[in-house]
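Laboratory data are not the source of any read-out in this text; all were calculated from the coordinates shown. Here the structure is a predicted model, which means the values were calculated and not measured. Glycine also receives a Cβ, built like all others from the backbone with ideal geometry; neighbour counts cover every protein chain displayed.
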Amino acid sequence: MAQVICDMSISLDGYVTGPNDNRENPFGDGAWMLHQWMSDQATDEDRAILENVVNDWGAVVMGRKSFAKNEGAGGWGQGGPMGDLPCFVVTHQVPAGSYPPVFTFVTDGVVSAIEQAKAAAGDKVVGLHGATVMQQALPLGLVDEIRVHVVPVLVGAGTPLFGALDSSITLERTRVLATPAATHLSYRVVRSTGGERR
């Protein structure tokens, strides 16, 4: 069965975008460098991490805000955030217009979106794209692993990856890899034997 993994670049102070992020400014003010570890500053180790994501993911779940910002950043063309991988967008309302067939708009919540994504992914990973779906899915016990690529910058404000939680969530660190551009960390979400997170 597919694992659900949040895989995000963040600043040292925990933001995935800077302030004033929008369609014209998708990374927000002062946060353009959060993804440089995947391109301009990439080492062989960074490239291997990115290649594993490309090879391992079978479907994507994203929120309406991430969908709209990426759409404004240059349009979707013929595919989604991961090319032709199925992408399930959690939204209250299906947007008007024509979009590539990889997109499915899910209006009955993140649980339904993740269930549909798991069915589409088979034994591959369901990747969570964006802070909103992460913040909805994690407290519900729907996230199996969290991977963060911590970039050495303090953004100061913007969109935090982790919102306020109503209880603690135990994590087990499974990887630490430091490159000049980012510190790559992986954590398994620990669940009790009864299947609930603890």
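Remarks
- With the convex hull drawn around the C-alpha atoms of the stretch 81-151, the volume per residue stands at 117 Å³.
- Full extension of the chain between residue 96 and residue 35 yields a length gain of 18.9 nm, computed as 0.36 nm times the residue separation minus the alpha carbon distance.
- A viscosity of 1.002 mPa s and a temperature of 20 °C, combined with the Kirkwood radius over Cα pairs in Stokes-Einstein, give a translational diffusion coefficient for the chain of 125 µm²/s.
- The DSSP beta bridges internal to the chain are antiparallel in roughly 45% of cases.
- Sorted by Cβ density within 10 Å, fewest first, the residues 114, 146, 169: 169, 146, 114
- For residue 28, the amide hydrogen comes within under 5 Å of the amide hydrogens of 18, 22, counting only partners 5 or more places away or on other chains and with H modelled in the peptide plane.
- Projecting label points 7 angstrom from Cα along Cα→Cβ for residue 124 and residue 164 puts them 3.9 nm apart.
- Chain lengthening between residue 55 and residue 84 when straightened (0.36 nm per residue, less Cα-Cα): 9.2 nm
- The ranking of 188, 47 by Cβ neighbour count inside 10 Å, starting from the fewest, reads 47, 188.
- Taking only the alpha carbons of the stretch 93-195, we obtain Rg and Dmax values of 16.1, 46 Å in that order.
- Computed over the chain: relative contact order in percent, which uses C-alpha pairs under 8 Å that are six or more apart: 31 percent
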